[in-house]
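Here, each number is a calculation from the coordinates, and none is a lab measurement. Here the structure is a predicted model, which means the values were calculated and not measured. Neighbour counts run over all protein chains shown; Cβ positions are idealised from the backbone, glycine included.
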């Protein structure tokens with residue numbers, strides 16, 4: 001994929017994700033001190049709900065609605081159909097954001113770690129951008145998306161956390177008989193004609209600028225690394241120690257690709273080779289890239305065993321959605337959840353009291369524009385489940401405990417004289 005094409009693709013991805021763009025945890029909410037006059041507070045955001053100490057604001061919901069409209073328009077929906085689609089999605093906006101927060105919070109509670117997969121996804125974007133220098137890559141992400149590099153990582157992290165939680169709490173409890181899966185395979189064989197794929201590890205020797213001496217030194221280093229890899233030094237170790245790419249953290253693991261997903265220079269170098277092959281250094285915009293073929297799958301009819309997981313997911317889906325909603329209802333039932341009057345959670349748990357109680361102890365009920373702007377993060381639906389932010393933490397100090405004062409009445413002796 002060319003850099004131009006990839007940039008367009010990333011911009012489209014972000015345009016859709018912005019349908020649910022919201023704020024994330026911020027270090028403070030700039031609340032006024034208790035003795036500060038109320039008139040001194042400039043209110044620009046209203047808190048709509050609190051979920052286990054994290055907040056959802058009216059501005060988030062407004063941006064979500066605007067994003068939903070933009071995404072629908074990109075799909076060619078117009079007129080009344082557009083208004084109906086926006087209204088339907090917006091009616092569940094608060095529900096979806098509460099769903100998101102509960103699932104991410106649950107993932108953290110379960111100590112699920114998705115850092116390795118986040119690193120691989122970000123590394124793939126960096127590789128396709130052709131920018132090796134970290135600072136320049138971070139600037140490029142902001143130019144392409146309007147969001148920061150940290151936002152990108154957080155979006156991926158929360159998406160993966162959400163998927164893992166749903167897998168552990170929902171999919172794992174849905175069982176599809178093998179006979180049903182085999183029947184589905186036979187009836188849909190044409191859908192399981194696989195494409196040729198290749199799994200790759202990489203080492204990138206970066207060339208931050210076009211200085212001829214530095215380029216020559218980078219090329220020499222890359223050639224030395226190829227020689228060492230071909231002499232049976234572990235490619236994964238070389239990648240971890242010597243690669244300038246983000247994938248160095250994952251021992252160079254780049255991922256699995258079909259034809260058309262890779263730069264043509266790279267595609268031509270790897271799709272004709274067998275497992276274990278190490279390429280010569282390939283000159284790309286970011287520097288010199290070395291690739292190792294980890295696995296290669298030929299084109300043709302996939303066997304039942306190869307696609308059984310995919311079939312299981314397809315057949316599980318009709319059962320998963322109601323179970324997912326049941327799981328989210330249970331999470332709500334056990335959550336600290338308060339919703340301000342005028343806002344509706346369409347996924348509310350039955351008999352759950354979510355009234356906005358004692359406003360004096362729920363400060364701040366508003367927050368500043370700067371606090372929200374500093375913490376904006378992407379969010380995206382996975383089916384009915386969005387991903388992205390993890391909310392703004394409620395930083396209010398806890399109310400002081402009530403203390404029963406000690407009586408000042410002096411204690412007397414039995415004869416009525418004062419006790420000493």
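Among 314-320, 139-145, the peptide with the highest mean count of other Cβ atoms within 10 Å heads the list, and the full ranking is 139-145, 314-320.
A Förster radius of 22 Å, combined with the Cβ-Cβ distance separating residue 143 from residue 259, puts the computed FRET efficiency at roughly 0.15. A simple spin-label model places pseudo-atoms 7 Å from Cα toward Cβ; at residue 178 and residue 220 they are separated by 6.0 nm. For residue 333 and residue 168, the FRET efficiency from 1/(1 + (r/R0)^6), where r spans their Cβ atoms and R0 equals 22 Å, is about 0.70. Length available on full extension from residue 115 to residue 213: 0.36 nm per residue minus the Cα-Cα distance, which gives 31.7 nm.
Arranged from highest to lowest average of other beta-carbon atoms within 10 Å per residue, in what order do the peptides 68-75, 281-288 appear?
281-288, 68-75
Taking label points 7 Å from Cα along the Cα-to-Cβ direction, residue 274 and residue 87 give a separation of 6.5 nm. Extension gain for residue 325 to residue 46 (0.36 nm times residue separation, less C-alpha to C-alpha distance): 97.7 nm.
With 0.36 nm allotted per residue and the present C-alpha distance subtracted, the residue 192-residue 78 stretch has 37.5 nm of extension available.
Between residue 66 and residue 241, the distance separating the two model label sites (each 7 Å from Cα on the Cα→Cβ line) works out to 5.2 nm.
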